[in-house]
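One structure below.
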Amino acid sequence: MELAAFLEIRPGVTAVIGGGGKTTLLRALGEELARKHRVLLCTTTRIFPFPQMPCAGTLAELDALRGEYRLLCAGRRLPGIGKLAALDASMADLAARFDYVLVEADGSAQRPLKAHASHEPVIPAEADQIICVVGASGFGKPVLEAAHRPELYARLAGVSEMETATPQTEALVLKAEGLHDRVYVNQAETHADLKKAGELADLLDCPVLAGSLHRREYLSCW
């Protein structure tokens, strides 16, 4: 089964939040879905451009490109930092132009785990599903090293920043925030990683998928 089917990606707007791997997940989903549908990858915050993918900086550019390509990205280029910001267009306008709109809705400073500040994530009202990415490489490392916003992560998990991040601490953070509809555990490259993903799934009451975007291998944990 392909990744989009495992995650039950539906037509319309899907938001992706959480730790490192969101941009890679968007691309993998986009490439699968674009075989049969028109797909847009974009952000409500900031995102790095997708290499070798046409990218529109305005709605007019988007309209010109979508007649030629099934898979596009969209965003305003920010000078000096190499990232894209949200396009100057409503999410409703974007959703009307594409079968699927996949939105990166927060940042994680490339850390595998993440706790969200009060202004995060920036979820579009049109989103009908929110997927939280968890990086398995964060398990076994100190919270201070593994998590973006480690002080907040530690507080939500009830541990110190120097304690080890585990599936148990991650479950506490996810439950405290209550932001997601399902979880994707990325970087699950080994049997030990998959075991930890299973431990996390046992502690949550939502669907959990684990796998490796690099290998294109996925396993349902729930």
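The values are calculated or read from the model by the stated rules, or taken from the named source; none is laboratory data. None of these values were measured; they are calculated from a predicted model. Cβ placement follows ideal geometry from the backbone for every residue including glycine, while neighbour counts extend to all protein chains displayed.
Annotations
- Condition check for Ala74: closer than 23 Å to Ile123 by Cβ, surrounded by 13 or more Cβ atoms within 10 Å (Cβ to Cβ) and hydrophobic (A, V, I, L, M, F, W, C): yes
- Looking only at the range 77-121, residues that are farther than 27 Å from Ala34 by Cβ, under 19 Å from the mean Cα position of the chain (by Cα) and surrounded by fewer than 16 Cβ atoms within 10 Å (Cβ to Cβ) come to 4 in all.
- All positions within the range 125-149 that are crowded, with 21+ Cβ neighbours inside 10 Å and not in a strand (DSSP E or B): Ala136, Gly138, Phe139, Val143, Ala146
- Residues of the range 157-212 that are in contact with a Lys or Arg (Cβ under 7 Å, 6 or more places away or on another chain) and assigned to a loop (DSSP other than H, G, I, E, B): Ala165, Cys206, Pro207.
- Selection of first residues in the range 45-64 that are within 11 Å of Gly75 (Cα to Cα) and of second residues that are among the β-branched types (Val, Ile, Thr) and at pLDDT 95 or above, restricted to Cβ pairs under 6 Å at least 6 apart or on distinct chains, gives the following pairs, ordered by first then second residue: Thr45/Val122.
- From Ser220, Ser160, residue being more than 22 Å from Phe6 (Cα to Cα), among the small types (Gly, Ala, Ser) and either surrounded by fewer than 18 Cβ atoms within 10 Å (Cβ to Cβ) or touching an Asp or Glu at 6+ places or on another chain (Cβ under 9 Å) (or both): Ser160
- Every condition in (1) surrounded by fewer than 17 Cβ atoms within 10 Å (Cβ to Cβ); (2) more than 15 Å from Ala136 (Cβ to Cβ); (3) under 17 Å from the mean Cα position of the chain (by Cα) is met by Arg182 except one, and the failing one is (1).
- Among the residues here, Ile9 qualifies as in contact with a strand residue (DSSP E or B) (Cβ under 9 Å, 6 or more places away or on another chain), modelled with pLDDT of 95 or more, crowded, with 17+ Cβ neighbours inside 10 Å and over 21 Å from Gly138 (Cβ atoms).
- Tally of residues being part of a loop (DSSP other than H, G, I, E, B), farther than 25 Å from Cys132 by Cβ and of a type in the set (A, V, I, L, M) across the range 82-116: 1
- Among the residues of the range 187-209, those that are within 17 Å of the chain's Cα centre (by Cα) and at pLDDT below 95 comprise Gln187, Ala188.
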